[in-house]
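Let me begin by presenting the structure, written as structure tokens, before commenting on it.
The values are calculated or read from the model by the stated rules, or taken from the named source; none is laboratory data. Just so you know, these numbers come straight off a predicted model, no measurement behind them. Cβ: placed from backbone, ideal geometry, glycine included. Neighbour counts: every protein chain shown.
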Amino acid sequence: MSAIDVLAAQSAPMKAWLAWMFAANFCSVFFLRHIPARWVLAAQAANVISMQLLLRLYGTGHHLSLPHVVFWTPLLIYIFSRRNALLAWSPFGVWCVVLFMTDLASLILDYAAVAKLWWR
């Protein structure tokens, strides 16, 4: 099963959420002069590659949440630790807030999925 097949099988709300998450993270390309945006792009690339690998090796399941937990947890800790420097009424500052809230919401769901994976 390819990633396209997995995406096609999702409900409309899930497709919308996945598209939003990808867009929020991919927007980092517009802010690459800022170091945090480079880290976001690196985490996004690592997520995509890791999820493709896990999908090919094990198919679909809760294990697909692992890359988010592994790569976004330290990313969000980093962004939060720099919040005073990042928060400003600028396009970059607004993007940082939107990205942080989006990835945090996803991480809450991802930690729940990983917990199901470990305790089943």
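Details
- Qualifying residue in segment 80-89 (condition: farther than 24 Å from Ala9 by Cα and crowded, with 17+ Cβ neighbours inside 10 Å): yes
- Test result for Arg33, of a type in the set (Lys, Arg), modelled with pLDDT of 90 or more and either exposed (fewer than 13 other Cβ atoms within 10 Å of the Cβ) or within 27 Å of Val6 (Cα to Cα) (or both): yes
- Here Asp5 meets each of (1) within 26 Å of Val94 (Cβ to Cβ); (2) free of Cβ contacts under 8 Å to residues at least 12 places away in the same chain; (3) outside any loop (DSSP other than H, G, I, E, B) with one exception, condition (1).
- Scanning segment 95-120 for residues that are touching a residue at least 60 places away in the same chain (Cβ under 8 Å) and either assigned to a loop (DSSP other than H, G, I, E, B) or in contact with a Cys (Cβ under 8 Å, 6 or more places away or on another chain) (or both) turns up Trp95, Leu99.
- Boolean, Phe92 is in contact (Cβ under 8 Å) with a residue 12 or more places away in the chain, part of a helix (DSSP H, G or I), more than 24 Å from Ala16 (Cβ to Cβ) and in contact with a His (Cβ under 9 Å, 6 or more places away or on another chain): yes
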